[in-house]
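> Have a look at the structure that comes next, please.
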Ligand SMILES: C[S@@+](CC[C@H](N)C(=O)[O-])C[C@H]1O[C@@H](n2cnc3c(N)ncnc32)[C@H](O)[C@@H]1O
């Protein structure tokens, strides 16, 4: 048997933000290799599949990428539908390139199913558009992470060049990020907004200035955090000054109804 590997985006966490195509492949999957952050509710859709966790939690358990690549290529010899399930969109900060290169080399069929990336879920929860006509015309998705042996990370240039920057995997390095950006000339009063657990009932948002970034990051509770930087985040600073909404509805419903997500001021 020769199957196909589907690199599927699980979205930011909420099950109903999964695409119909992603749900279809999960339902007929024979085996699912999934990241650690993918919620159980989404894995339950793959009811007949064997589940293998291969995720890489920062600073914790890590399965070597080469081993994941090999597992994917080996699995198509036994299974028709092999799903590689990744948080958000598979093509952003998720080592899809390594997996695709390996599968191409081994002549294994693959298909990519996009997902909603964290930046877009965070923007939706805040009710803040990442672009704004006439003033915010560019958005950079970036990470400050650099693995040993990689070429230097030019993230500062990207963050300075774009009108809006969304920083992935940055909450743990908030101090260094703020210092580096301010030293490179970014005004310390630049608005920032942090969204933790975007799209989930546990979503929290914190807003303030670049100088306050370390303090805001310290208030996050250990969930994944997207950092928005730029004038567009000034809206969320205003939102943050408002009292929290008391509601039993989901964050999505609440944000839609009130035009704001649950937020805290700095
Ligand atoms: C390894 S990257 C994977 C990104 C993923 N491929 C995507 O498109 O969203 C993990 C980072 O994504 C961000 N992230 C993922 N899910 C998130 C969520 N629900 N809320 C906020 N940030 C999230 C965080 O910055 C986290 O550290």
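> I need the full set of residues from segment 18-64 which are surrounded by fewer than 18 Cβ atoms within 10 Å (Cβ to Cβ), part of a loop (DSSP other than H, G, I, E, B) and at pLDDT 95 or above, in order please.
19, 28, 44, 47, 48
> Here's something else I'd like to know. How many of the residues making up segment 133-156 are within 15 Å of the ligand (Cβ to nearest atom) and assigned to a helix (DSSP H, G or I)?
Residues meeting the conditions: 1.
> A further question follows. Could you check segment 4-17 and list, in sequence order, the residues that are assigned to a loop (DSSP other than H, G, I, E, B) and surrounded by 24 or more Cβ atoms within 10 Å (Cβ to Cβ)?
10, 12, 13
> Which count do you get for residues in segment 89-110 that are assigned to a loop (DSSP other than H, G, I, E, B) and within 14 Å of the ligand (Cβ to nearest atom)? Write out each step before concluding.
Filtering segment 89-110 down to residues assigned to a loop (DSSP other than H, G, I, E, B) leaves 89-95, 106-108.
So of that shortlist, the ones also within 14 Å of the ligand (Cβ to nearest atom) come out as 89-95.
Here the count works out to 7.
> Same structure again: Among the listed residues 161, 184, 180, which satisfies the condition of being free of Cβ contacts under 8 Å to residues at least 60 places away in the same chain, over 27 Å from residue 18 (Cβ atoms) and in contact with a strand residue (DSSP E or B) (Cβ under 9 Å, 6 or more places away or on another chain)? Reasoning before the result, please.
On the way: 184 fails: in contact with a strand residue (DSSP E or B) (Cβ under 9 Å, 6 or more places away or on another chain); 180 fails: in contact with a strand residue (DSSP E or B) (Cβ under 9 Å, 6 or more places away or on another chain).
Going through 161, 184, 180 in turn, the sole match is 161.
> Same structure again: Based on this model, can you work out whether residue 86 counts as within 13 Å of the ligand (Cβ to nearest atom), modelled with pLDDT under 95 and either closer than 27 Å to residue 223 by Cα or surrounded by 14 or more Cβ atoms within 10 Å (Cβ to Cβ) (or both)? Walk me through how you get there before you give the answer.
Values: within 13 Å of the ligand (Cβ to nearest atom): yes; modelled with pLDDT under 95: no; either closer than 27 Å to residue 223 by Cα or surrounded by 14 or more Cβ atoms within 10 Å (Cβ to Cβ) (or both): yes.
No.
> Against the condition surrounded by fewer than 16 Cβ atoms within 10 Å (Cβ to Cβ) and touching a helix residue (DSSP H, G or I) at 6+ places or on another chain (Cβ under 9 Å), how does residue 132 come out, does it pass? Explain how you work it out, then say what you get.
Numbers: surrounded by fewer than 16 Cβ atoms within 10 Å (Cβ to Cβ): yes; touching a helix residue (DSSP H, G or I) at 6+ places or on another chain (Cβ under 9 Å): yes.
Yes: the conditions hold for residue 132.
> Filter segment 27-50 for residues that are away from the ligand (no atom under 16 Å from the Cβ) and touching a helix residue (DSSP H, G or I) at 6+ places or on another chain (Cβ under 6 Å) and give the result.
31, 45, 46
> Could you grab me the full set of residues in segment 114-123 that are touching a helix residue (DSSP H, G or I) at 6+ places or on another chain (Cβ under 8 Å) and surrounded by fewer than 23 Cβ atoms within 10 Å (Cβ to Cβ)? Can you show your working first?
So in segment 114-123, the residues touching a helix residue (DSSP H, G or I) at 6+ places or on another chain (Cβ under 8 Å) come out as 115-116, 121.
If the condition is that a residue be touching a helix residue (DSSP H, G or I) at 6+ places or on another chain (Cβ under 8 Å) and surrounded by fewer than 23 Cβ atoms within 10 Å (Cβ to Cβ), then 116 is the only one that fits.
> Look through 207, 174, 184, 165 and report the one residue that is away from the ligand (no atom under 11 Å from the Cβ), within 16 Å of residue 220 (Cα to Cα) and at pLDDT 95 or above.
Numbers: 207 fails: at pLDDT 95 or above; 184 fails: within 16 Å of residue 220 (Cα to Cα); 165 fails: within 16 Å of residue 220 (Cα to Cα).
From the options 207, 174, 184, 165, the qualifying one is 174.
> Determine whether residue 159 is in a strand (DSSP E or B), more than 13 Å from the ligand (Cβ to nearest atom), at pLDDT 95 or above and closer than 30 Å to residue 215 by Cβ.
Numbers: in a strand (DSSP E or B): no; more than 13 Å from the ligand (Cβ to nearest atom): yes; at pLDDT 95 or above: yes; closer than 30 Å to residue 215 by Cβ: yes.
The answer is no for residue 159.
> Let me ask you something else. Taking the criterion of being touching a helix residue (DSSP H, G or I) at 6+ places or on another chain (Cβ under 9 Å), crowded, with 19+ Cβ neighbours inside 10 Å and not in a helix (DSSP H, G or I), would at least one residue in segment 170-182 satisfy it?
Scanning segment 170-182 turns up at least one residue that is touching a helix residue (DSSP H, G or I) at 6+ places or on another chain (Cβ under 9 Å), crowded, with 19+ Cβ neighbours inside 10 Å and not in a helix (DSSP H, G or I).
> Can you say whether residue 199 is within 13 Å of the ligand (Cβ to nearest atom) and either in a helix (DSSP H, G or I) or in contact with a helix residue (DSSP H, G or I) (Cβ under 9 Å, 6 or more places away or on another chain) (or both), as far as the supplied structure shows?
Details: within 13 Å of the ligand (Cβ to nearest atom): yes; either in a helix (DSSP H, G or I) or in contact with a helix residue (DSSP H, G or I) (Cβ under 9 Å, 6 or more places away or on another chain) (or both): yes.
So residue 199 passes the test.
> What's the total number of residues in segment 111-122 that are outside any loop (DSSP other than H, G, I, E, B) and within 11 Å of the ligand (Cβ to nearest atom)?
From segment 111-122, those outside any loop (DSSP other than H, G, I, E, B) are 111-113, 118-122; that's our starting set.
Restricting the remaining residues to those that are within 11 Å of the ligand (Cβ to nearest atom) gives 118-122.
Here the count works out to 5.
The values are calculated or read from the model by the stated rules, or taken from the named source; none is laboratory data. Bear in mind the structure is a predicted one, so any value in this text is a computation, not a measurement. Every residue, glycine among them, receives a Cβ derived from its backbone with ideal geometry; neighbour counts consider all protein chains shown.
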